[in-house]
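The values are calculated or read from the model by the stated rules, or taken from the named source; none is laboratory data. Everything numeric here is computed off the predicted structure, so don't read it as measured data. Neighbour counts are summed over all protein chains in view; Cβ atoms, including those assigned to glycine, are modelled from backbone coordinates with ideal geometry.
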Amino acid sequence: MPPDPRSIPSGLSRRAFLGALGAAGLGLYGCGGQSTTKSSSGGTANLQFMYWGSANEKAAIEQMMQAFQKSHSGVKVQPVHVPGDYETKVNTLVASGNLPDVAYMAAPTAYRLAEQGKIANIYPYIEKYAQLSGRKAQNFFWYGDKKVAGTPAASEISLLWYNKDLIPDASMTPPATADQAWSWDKLLEAATALTLDQNGKKPSDSGFKPDSIRQFGISAPLTTQWTWYPLIRSNGGDVADETGTKYMLNSPECVKVFQDLQDLVYKHRVAPSPAQLGGGDGGNAPTTTVQLQTKRVAMAIDGQWTLLDMGESNLKYGIGVLPSYQEPITQEAGSCRVMSATTKHPEQAMELYAYSVDGSNSDLFKKGLWMPVETKYYSDDASIESWTKNDVHPPEYRTAAVDYRLNHSVRDFTQVLKNVPAIQEVLTPAIEQIATGKASAKAVLDGLEAKIQPLLQGRYPIPNSI
């Protein structure tokens, strides 16, 4: 469910997920308006729940659907797993008028379908369901006054991961509290000390060979906004201004961050290039867990969802907060859960919707793939420990992730800006130019202004309260 670069569709992240999937191969039935019952009263309501995700997520969703059926007599749910080109599948179903009753949805698609009346406005249900009323206003996808396209079932943030066995002393251990976040210079210092060539020399040593590095100090892939967006926000920058109508990526604050990230690779030689990670754009790179476990890198910036793989490995891992420029900031995001506007069983579909976004109904929170959305899971010790007190979540998780998300997170720009698909079409290849070292950050970001400025249409409104 999360906006994991390994699973989210439609080009909103650095990896495509498993390739394309033929639309005819799913055998869908009973979608949206075509759901059927045995009789007009007392019959079975057949619902569909469509989602993407890994094998672990698939197993968890199937278990959740089975549990829902046991607690809701007269309802049957068919889970429909789409492991490939999810966006294409959604568009096919929209064209045929057969959206599933409840489904995962990328934020831009959810906004578009809500404005077209294809998915239900869940605002009238917020106060009726505790799973929804226990959330803050910013945890919903608003597309107008009292108009809500949906809410995430889970949340994610950006973190700094590291292999504890590769950290020689406490001075190079990434801080686990926002108030102790490293400056960029301190991050560079640590990454330099942790970078080794085949002869064990560091970039600061005489005779260091940059073409034969066996261990990089850090992986900070520019090809995903999970790296660069929280950092530009930390430095006071953004993609667009507060109105969402003025281009801002070529501001000195943004240029500084993008150039710093490029310099990690091509100037300081402490981070791998996309090609060194896996192919021209890094799209075939090993997972962060594998990179840390094989000692290819000592530290890495990646999403919280990495904890799932970490917890299933033998790696001695740790997490820290991101480096800070002007203030400590991480990025927060979660894909939108939607309900079809044409479901034949709105009451049962809404019950399924509320059940599916309830943080207590999936073990993927305890396993590390997801962070909860409901406020209660960040407000008291018992609720926090209900999903973090286990062997998967390291001791520093409380401050480095829970407190960090609660007090120092900003929403991913792809969840608040309008017209994001069009913006991403020109933004993504431009950022790849910086990532591959083909041009300076300033040259690329200055050149983007003429392309992105006409595409900016404002921000979706987020009220101060529900």
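Numbers below:
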| quantity | calculated |
| --- | --- |
| Test: residue in the range 116-132 that is crowded, with 20+ Cβ neighbours inside 10 Å, of a type in the set (Gly, Ala, Ser) and in contact with a Phe, Trp or Tyr (Cβ under 7 Å, 6 or more places away or on another chain) | no |
| Criterion violated by residue 362 - all others in (1) farther than 17 Å from residue 136 by Cα; (2) out of contact with any Leu (no Cβ under 8 Å at 6 or more places or on another chain); (3) crowded, with 17+ Cβ neighbours inside 10 Å; (4) modelled with pLDDT of 95 or more satisfied | (4) |
| Matching option when the condition is surrounded by fewer than 22 Cβ atoms within 10 Å (Cβ to Cβ) and out of contact with any Pro (no Cβ under 9 Å at 6 or more places or on another chain), among 275, 240 | 275 |
| Where a residue in the range 380-403 is outside the structural domain of residue 314 (by TED's automatic domain parsing) and in contact (Cβ under 8 Å) with a residue 40 or more places away in the chain and its partner, wherever it lies, is part of a helix (DSSP H, G or I) and among the charged types (D, E, K, R), with Cβ under 8 Å and at least six apart | 392/366; 392/367 |
| Some residue of the range 421-430 being surrounded by 18 or more Cβ atoms within 10 Å (Cβ to Cβ), within 21 Å of residue 219 (Cα to Cα) and not aromatic (Phe, Trp, Tyr) | no |
| Residue list for the range 402-415, restricted to those being of a type in the set (Ser, Thr, Tyr) and assigned to a helix (DSSP H, G or I) | 404, 414 |
| Qualifying residues in the range 449-465 (those that are under 24 Å from the mean Cα position of the chain (by Cα) and surrounded by 14 or more Cβ atoms within 10 Å (Cβ to Cβ)) - the one farthest from residue 147 (Cα to Cα) | 452 |
| Failed criterion for residue 141 (all others in (1) touching a Gly at 6+ places or on another chain (Cβ under 7 Å); (2) surrounded by fewer than 17 Cβ atoms within 10 Å (Cβ to Cβ) hold) | (2) |
| Test: residue in the range 73-85 that is without any contact (Cβ under 8 Å) to a residue 40 or more places away in the chain, within 20 Å of residue 336 (Cα to Cα) and not aliphatic (A, V, I, L, M) | yes |
| Options 280, 244, 236; residue that is at pLDDT 95 or above, assigned to a loop (DSSP other than H, G, I, E, B), out of contact with any Ser or Thr (no Cβ under 6 Å at 6 or more places or on another chain) and over 23 Å from residue 159 (Cα atoms) | 244 |
| Condition check for residue 442: buried (at least 16 other Cβ atoms within 10 Å of the Cβ) and either closer than 19 Å to residue 245 by Cβ or without any contact (Cβ under 8 Å) to a residue 40 or more places away in the chain (or both) | no |
| Residue in the range 51-59 that is at pLDDT 95 or above, of a type outside the set (Gly, Ala, Ser), assigned to a helix (DSSP H, G or I) and closer than 28 Å to residue 459 by Cα present | no |
| Some residue of the range 340-354 being surrounded by 22 or more Cβ atoms within 10 Å (Cβ to Cβ) and either more than 30 Å from residue 113 (Cα to Cα) or under 18 Å from the mean Cα position of the chain (by Cα) (or both) | no |
| Single match in 426, 410, 373 (criterion: touching a Pro at 6+ places or on another chain (Cβ under 6 Å) and either polar (S, T, N, Q) or touching a residue at least 24 places away in the same chain (Cβ under 8 Å) (or both)) | 373 |
| Matching residues, the range 175-210, being closer than 10 Å to residue 270 by Cα and in a loop (DSSP other than H, G, I, E, B) | 194, 195, 202, 203, 210 |
| Hey, residue 50 in contact (Cβ under 8 Å) with a residue 60 or more places away in the chain, of a type outside the set (D, E, K, R) and either within 28 Å of residue 288 (Cα to Cα) or surrounded by 24 or more Cβ atoms within 10 Å (Cβ to Cβ) (or both) or not | no |
| Test: residue in the range 173-189 that is closer than 16 Å to residue 463 by Cβ, modelled with pLDDT of 95 or more, touching a Ser or Thr at 6+ places or on another chain (Cβ under 8 Å) and among the polar types (S, T, N, Q) | no |
| Residue that is surrounded by the fewest Cβ atoms within 10 Å (Cβ to Cβ) [pool: residues in the range 181-190 that are out of contact with any Asp or Glu (no Cβ under 7 Å at 6 or more places or on another chain) and touching a residue at least 24 places away in the same chain (Cβ under 8 Å)] | 183 |
| Pick from the range 255-277, criterion more than 21 Å from the chain's Cα centre (by Cα) and either among the hydroxyl-bearing types (Ser, Thr, Tyr) or under 17 Å from residue 428 (Cα atoms) (or both), ranking: modelled with the lowest pLDDT | 275 |
| Among (1) under 30 Å from residue 454 (Cα atoms); (2) in contact with a Gly (Cβ under 8 Å, 6 or more places away or on another chain); (3) charged (D, E, K, R), the one test that residue 411 misses | (2) |
